[in-house]
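Inspection log for the structure reproduced underneath, given as structure tokens.
FYI, it's all coordinate maths here, none of it is from the lab. Small disclaimer: the values here were computed from a predicted structure and weren't measured. A quick note on method: Cβ atoms are made from the backbone with ideal geometry, for glycine too, and the neighbour counts reach across all protein chains shown.
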Amino acid sequence: MGNFVTEGNYLLYKNAAFTLQELVKAGCDFNVIIDDDCNTPIIFFLLTEDYVSASYILSNCDIDVSVQNKFDISASLLSEFINKNVFDQLQYHKKRNKNRFSYDSLINLIRNNKTFDSSFLNSNNVTMYKQYRYSPSSNTPVIQQWFLEFLYPNIGAEYYYVSTSKKLIV
């Protein structure tokens, strides 16, 4: 992770977060299929544990969480598999912002969505095979911290990155 945390990468991912923010402001449709597996952005974000982006679009867009990809996986189903540890690792004022951004708030955004499909909840045989290609990278926690800082300002998401010569506050 040491080589990844650079000013260049910080600015690159800050730009990606800005792009997402602008697409949301422009009213883009986030219910469209984005890849060969028939994933929508919300499914992709949940599969890759990009919970900051998932929370952001669920909070700001009309997302259909019942849409299934070609493996019959939907955001409704994925709400059963959200990794709480990702939220525990992020640095922000958790108690003060628990309704704005947290493990519980993401679960609520999905399960209180008008399109939430609860049919799988009654099954004792819920199994999911997370495709290898969707496994989060070792850099995901850093990227999530940077996205949290940009997409949720004033949440207390301060992140420090180390350059080769000195410690910088960004």
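Annotations for the structure displayed:
- Largest to smallest principal axis extent of the C-alpha atoms in segment 1-151, angstrom: 46, 32, 31
- The modelled label-to-label distance for the pair Ser66/Lys14, using points 7 Å beyond Cα in the direction of Cβ, is 4.2 nm.
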